[in-house]
Amino acid sequence: MINDTGSGGANYFSVEDATAGRTSFLIEAGARTNALYADDGGRIAIGKITLVFTTQMKVGNTPTVRLEQDGSSEFTAQKCVVAGNEADFFISYSSEQNKSILRPYA
């Protein structure tokens, strides 16, 4: 699907499952160059074209990876974040019961 059909709607390119009425992939108009890049070796990059590792991400400040367990498989919902910048590197973990942050020793 390309763009909303209504006047003044959003501009994008998407892949839609017409049977289920779900959009599983969407790129907004104006997305930056190499926002998502897959090379011929199966490596994926987000915001970067020169691939060194299997998956890489590049942003201007505090690149972050968030892992989320949504509770749909009878396990408690959990959120884990791994992030770092020039001042710190941290891993945070939280559920409805608790929250902890792990930082390596300097």
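The values are calculated or read from the model by the stated rules, or taken from the named source; none is laboratory data. As the structure is a computational prediction, the values presented were derived from the model and not from experiment. Here the Cβ positions follow ideal geometry from the backbone for every residue, glycine too, while neighbour counts run over all protein chains shown. When the accessible area is computed, the model is the full protein with side chains, heavy atoms only, and any ligands, DNA or RNA have been set aside. Shrake-Rupley method; radii C 1.70, N 1.55, O 1.52, S 1.80 Å.
Results, tabulated for the structure shown:
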read-out	value
HN-Hα J in Hz across region 40-47 - Karplus 6.51, -1.76, 1.60, θ = phi - 60°, x for Gly and Pro	6, x, x, 7, 10, 10, 10, x
Prolate/oblate/rounded call for the chain, Cα gyration tensor, a/c under 1.5 rounded	oblate
Dipole magnitude (debye, nearest 20) for region 1-53, charges at Cβ of Lys, Arg, Asp, Glu	200
Sulfur and carbon atoms: percent of accessible area, the chain [1.4 Å]	53
Farthest positive-ward along the chain dipole, Cα basis, beta-carbon charges - from ILE91, VAL65, PHE25	ILE91
Choice from ARG43, ARG22, ARG32 with maximal GNM fluctuation in the chain (Cα, 10 Å cutoff)	ARG22
Average accessible surface area per residue within the chain, 1.4 Å rolling probe, Å²	80
Euclidean distance between Cα centres, region 1-55 to region 57-94, Å	22
The chain: relative contact order in percent, alpha carbon pairs under 8 Å with at least 6 residues between	11
